[in-house]
Structures are given as C-alpha cells and as structure tokens.
Amino acid sequence: MKININNSYINLILLFPLFTLFQSYIGPINKILFILLMTVQMTMYLRRGISARFFALLSIVMLMECIALFSTSFPLQSINDIFYFPFIVIFYNFICENGAFFYDLAVKNIKSIKRIIYLWSFFIVVSIAFPLSYTQVWGGGTYFASFTGDPFRLCPTAFYILALILMVMMIEKNRKMFWFSIIPMFCFFSSGSRTYLLVGLLLFLIVWYKFFYNKHMFCLSLLPLVLLFLVFLVNSSMMQKIAATSYSSNSYFDLWGTVTSGRSIFWEADINAFRNGSLWNKLLGFGFNFVYEVNKTAIGAKIWAHNDFIQLLLTYGVLGILLYLKVIYSLFRRRLWKMSEKKWVVYFVFFIWFFTANMNMFYTYLCTVLGYVFLIESLTKIKQTDEEK
C-alpha cells in the first residue's frame, strides 16, 4: 500500500486534539504521535528542500538544546521541555516557507478536518454526563475537564477545534459548521481557565463575524451577543475561578498575586534569578530544571513560568528569546500581515498569541501551537509566492 506523505502529515497534525482527550488514560499516546509527526515533518523538509535559513535555525536550536542539557541537573522535571521549543521553531519555519502548500493540504483534506471536529465534539458531549469529567483545581472550584482530567489540557484542544471550524467555514462557505462552535465555547466557560476564556471569546468573535454575510447584521448582533455571554458567564463555573482570584483582606497573596493566581510572585523571583546569573547564563540559559527550582522556592510548587518569555529566558537565555521572536515575527510577516481582513481581525489574531504567551504559555501547548496555524491559514488569502515555490 502506497503511503501519501503529504496526507499523512496533515492527518497526524489533525489527530492531536482528539488524542489529547485520552492522554490521561493512554499516557504515551501523544508522545508516539509527536515522534511520528516529527519524523514526517523532517521528511517533508527533505522532499521540499532544506533552505539555508532552516539549516541555520536547526543548527542553532540543536546547539542551544545541548547547552541547556549540559546546564541541567538531572533528573529532568519534565522530559517534554526538551522538545517544545525545537518543535515550534521547526514547524513554524515550515509554515513560513510553505504556507500556501499547507493551506492546499488542508483544502484537499477538508473531510478529515470535519471528521476530527465531529469526533471531538461527540466525545465532549458524551463526557458531560460522566462525574469523572469534572475536577477541582486551583481555587477550589469544580471545573469541566472531559476525558483529559485536566481543564488546562482540554482548553487547547477546544481552541484547536474552534480554529478548524473557522477553516471549514472559510473553505466551504459552510455556515452550518458555526453551530459546532458552541461545544468549544462550553469548554472555555466551564474549564476555569481565564486565559483561554478570553482568547476563546476573541476567536469566537472572528467565527461569528464570518457567520454573517451581511456585516451590518454582525454589528447589530454584538450587543445581544455580549449580554448572552454575560448570562453564560454568571451561570458557569468560571465564576468560581473569578471569585477565587478576587482580592480581599483574607487573600493569601497580594493584589496582583491573587489576580494572577500567584504568577506575579514567582515572576519576580524568576527575573531576580536571571539578574543574579552569570553572563554565560544570561546569554545561554540555566537549563531545563532551573525555573522549577526557582518557583519551588518562591511559592512552594515546582511549576513552569506560565510565561513564554520568562521560561525561555531562564532555560535558553537571551538567545532563546531572540530566536523565538524571530520565528514568531517571520510567521506574522509572511502570513498574518498578508491577511485581506479587517484590521481588528488581524489585531485579534495577534493578541491571541501575545496574551497566551504572557499569561499561560503558548509554545508548550502543542494543540495551541498547531491550532494557531489553522487560524492564520484560514484567514490568509494569498497565492503562493515565488519564495514558497
């Protein structure tokens, strides 16, 4: 049986939101999928030609990985940390160089995209009835996690699916797909993640905008839509999270510590740790475990930075920040800024990355990283450039 590499590539990418739902039951499932995707990804580079740009990026990333490993005191807090940064560099660079090709793959595999939307939606709806789909997280509230067991694992899949819904609507001019967006929105309102509620609402507004042929009707619908959102918010479990992060005289943290769920406390410790490091560490990082140790001292929990820039700064140093921004800038320059869309749509797409990267982390959530590309490609209506041919 002959395997179509191109179709295998897009279908492997599409499986992540579905497989992530069951990651807590089948531990290695996403790791196996990730290995397969990276194998096919490198094969795609070989088939389409390795540019000097990519060779330079890959060489720098591999050098940075070696330095970070050398600076790490083992055992690793999380082996996944080794792969997040190289993946976003390799994958986003491929999109920068082959964006039109990726969009064409999505068009040719639109049935697969719809199948993933249907399956994911089915499993979410079914899981609502199971008590095990609900869990308690920071703040003591009870939140919906579906089969993932973790609301913060569920929300990136919901973001991914909402981006796929938008892509189907754009490719097929199929407004009926809009109604499937209700299910991801239910996840955002019920999960307890304020970050994903905000970025989910922004993405939903773009989907809502595309739902209307008459843009005047879109404008008239905004006020009722806002009122409807407020009704959902007041009656959702998100209110428990808002209450838990509202400052009072009995709050454990100060004002900003309470509002940011403790982030501002360990961010200050992280920045101070960076300032106290050697010139070598400032340039090339402290290794993979350092941020966890600093945060353990600051708030008593070994957690990552919840901020792309601080996480990268402590892990890979200033060089890591610069390379990350280079890749993101290239994606925006070659894809986002070529959108033939209203300016507010472009600003929303940019803010989705910016806010997530600052308040929750972007590059460490594969479903968010992958879904963001479908969001951009669904709105980028440009022909293949000479650079991509």
Long-range HN-HN contacts of Tyr134 with modeled amide H, under 5 Å: Ala145
Residues of the chain: accessible area per residue with a 1.4 Å probe, Å²: 45
Long-range HN-HN contacts of Asn109 with modeled amide H, under 5 Å: none
Cα principal axis extents for the chain, largest first, Å: 57, 56, 42
Residue-by-residue Karplus 3J(HN,Hα) for region 78-84, coefficients 6.51, -1.76, 1.60, Hz, glycine and proline x: 8, 5, 4, 4, 5, 9, 4
Percent carbon-and-sulfur accessible area, the chain, ignoring ligands, DNA and RNA, probe 1.4 Å: 68
Packing-based ranking, highest mean first, of 119-127, 171-179 given that Cβ atoms within 10 Å are counted: 119-127, 171-179
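How big is the charge dipole of the chain about its Cα centre, in debye rounded to the nearest 20, if each Lys and Arg gets +1 on its Cβ and each Asp and Glu gets -1 on its Cβ?
Charge dipole, the chain, about its Cα centre: 1160 debye, nearest 20.
Given region 119-210, report the % of alpha carbon pairs whose separation exceeds 23 Å. Don't jump to the answer; show the numbers that get you there.
Details: 936 of 4186 pairs.
So the portion of pairs separated by more than 23 Å is 22 percent.
Average the reciprocal distances over every distinct pair of alpha-carbons in region 267-382, invert the result, and give the Kirkwood radius in Å.
It works out to 15.3 Å.
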Tensor-based shape of region 82-132 (alpha-carbon gyration tensor, a/c under 1.5 rounded, otherwise prolate or oblate): oblate
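When the gyration tensor of region 181-327 is built from Cα positions, what are the square roots of 5 times its three eigenvalues, in whole Å, from largest to smallest?
37, 22, 11
Once a ≥ b ≥ c are taken as the square roots of the eigenvalues of the Cα gyration tensor of region 58-160, is the result rounded (a/c under 1.5), prolate (a/b larger than b/c) or oblate (a/b not larger than b/c)?
Oblate, since a/c reaches 1.5 and b/c is not below a/b.
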Leading residue at positive end of dipole, the chain (Cβ point charges), from Tyr9, Ser237, Phe87: Tyr9
Accessible surface, 1.4 Å probe, highest first, among residues Met167, Met217: Met217, Met167
Residue-by-residue Karplus 3J(HN,Hα) for region 142-151, coefficients 6.51, -1.76, 1.60, Hz, glycine and proline x: 9, 10, 7, 10, 6, 7, 5, x, 8, x
Residue-by-residue Karplus 3J(HN,Hα) for region 11-16, coefficients 6.51, -1.76, 1.60, Hz, glycine and proline x: 6, 5, 4, 6, 6, 4
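Using the structure shown, list the pairs from Lys31/Lys114; Lys114/Lys342; Lys2/Lys111; Lys241/Lys338; Lys2/Lys108; Lys176/Lys215 with a Cα-Cα distance above 28 Å, or answer none. Walk me through the intermediate numbers first.
On the way: Lys31/Lys114 24 Å; Lys114/Lys342 26 Å; Lys2/Lys111 20 Å; Lys241/Lys338 38 Å; Lys2/Lys108 18 Å; Lys176/Lys215 18 Å.
Cα-Cα > 28 Å for Lys241/Lys338; rest within.
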Met361 long-range amide H proximity, modeled H, under 5 Å: Asp308
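The values are calculated or read from the model by the stated rules, or taken from the named source; none is laboratory data. This structure is a prediction, so every number in the text was calculated from the model and none was measured. Cβ atoms come from the backbone with ideal geometry, glycine included; neighbour counts cover every protein chain shown. Surface areas here come from the heavy atoms of the whole protein model, side chains and all, with no ligands, DNA or RNA. Shrake-Rupley method; radii C 1.70, N 1.55, O 1.52, S 1.80 Å.
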